[in-house]
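Student: The structure that follows is given in the form of structure tokens.
Just so you know, all these numbers are worked out from the coordinates, no wet-lab data involved. This structure is a prediction, so every number in the text was calculated from the model and none was measured. Here Cβ is always computed from backbone atoms with ideal geometry, including for glycine, and neighbour counts include all displayed protein chains.
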Amino acid sequence: MNQIKFHKFHGTGNDFILVDNRNLLFQPTQKQVAFLCHRRFGIGADGLILLEKDNEYDFKMKYFNSDGNESSMCGNGGRCIVAFASKLDIIKEHSTFKAIDGIHKGEILKNAGNIWDVKLKMNDVDLVEQVSNIEYTVDSGSPHFIRWIEKIGTIDVVKEGSAIRNSDHYKVPGINVNFVEQNNSALSIRTYERGVEDETLSCGTGCVAAAIASEFNSSDGVFNKTLHTMGGDLMVSFKKTENKYTDVHLTGNAIMVYEGHLNLNTND
């Protein structure tokens, strides 16, 4: 048996198991990750995040979906690992770290006990396609399908999202599916996440993708968007210039729920 110390965090309800793996002693198998993330047999989470050393930057982020597979960038997970690094005294207010999609900067705006307000710089976005008058695809570090709808509270996100995610066009390598409703000056969003294969309470890269898609046909400028997720509000800001989106930031809270130890069967 291998005893693992972990911390449980969430960012607007998108929850993660975080492990300080700077000693590289924890090398989980796909089966072990899926077990840890299982909500009945394990700790329960949308994903597992390992914080590891990096020779150039403050740390490296390694992210796994709850199905056990290493995945693309996770915006809420990125905010949570910045808060985790703050708790571990690796960083103070500012950080620079490496993720699977490149280099990110994080800023602690406020810290009150186990609650951090974190501003995360995302990568520039230039892969945006208008599929129809109500549908877009956006790569915001992870691939996203955006569909504009009305009465967002009534949609069966799992049924509709799964159908799009598993369609012939998007099944390989997979896509996250977001349903978005314009709500005065803000956006309401619900997300079906690949790798979790379920609706999550929030998706950071999905919020970035939706905010960018909402201004696809707008003139160039600087935009600030509030997005209402099932788990709380997130803010996205960016600059649009000739259909390229730069200075992209995702801001919201990151909350530590608890910490503990788990005995993991090394034979799994």
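Student: Go through (1) part of a loop (DSSP other than H, G, I, E, B); (2) hydroxyl-bearing (S, T, Y); (3) touching a Cys at 6+ places or on another chain (Cβ under 8 Å) one by one and return the number of the condition S72 breaks.
Tutor: Checking S72 against (1) part of a loop (DSSP other than H, G, I, E, B); (2) hydroxyl-bearing (S, T, Y); (3) touching a Cys at 6+ places or on another chain (Cβ under 8 Å), the one that fails is (3).
Student: As an exercise: evaluate K151 against (1) out of contact with any strand residue (DSSP E or B) (no Cβ under 9 Å at 6 or more places or on another chain); (2) surrounded by fewer than 12 Cβ atoms within 10 Å (Cβ to Cβ) and give the number of the one condition it does not meet.
Tutor: The one condition K151 does not meet is (1).
Student: Now a separate question. Name the residues in region 9-57 that are buried (at least 16 other Cβ atoms within 10 Å of the Cβ), in a loop (DSSP other than H, G, I, E, B) and hydrophobic (A, V, I, L, M, F, W, C), would you?
Tutor: F26, I43, A45
Student: Quick one: is E107 closer than 25 Å to T241 by Cα, without any contact (Cβ under 8 Å) to a residue 12 or more places away in the chain and not in a loop (DSSP other than H, G, I, E, B)?
Tutor: Against the criterion (closer than 25 Å to T241 by Cα, without any contact (Cβ under 8 Å) to a residue 12 or more places away in the chain and not in a loop (DSSP other than H, G, I, E, B)), E107 does not qualify.
Student: Select, from V131, V172, V158, the only residue that is more than 25 Å from K60 (Cα to Cα) and assigned to a strand (DSSP E or B).
Tutor: When all the criteria are applied, what remains is V131.
Student: Out of region 35-57, which residues are more than 16 Å from R22 (Cβ to Cβ), free of Cβ contacts under 8 Å to residues at least 60 places away in the same chain and out of contact with any helix residue (DSSP H, G or I) (no Cβ under 8 Å at 6 or more places or on another chain)?
Tutor: C37, H38, R39, R40
Student: Tell me whether region 88-95 contains one or more residues that are in a strand (DSSP E or B) and within 15 Å of the chain's Cα centre (by Cα).
Tutor: Checked region 88-95: no residue is in a strand (DSSP E or B) and within 15 Å of the chain's Cα centre (by Cα).
Student: Among F216, F223, F179, which is the only one that is within 16 Å of H249 (Cβ to Cβ) and either of a type outside the set (D, E, K, R) or free of Cβ contacts under 8 Å to residues at least 40 places away in the same chain (or both)?
Tutor: So the residue among F216, F223, F179 that is within 16 Å of H249 (Cβ to Cβ) and either of a type outside the set (D, E, K, R) or free of Cβ contacts under 8 Å to residues at least 40 places away in the same chain (or both) is F223.
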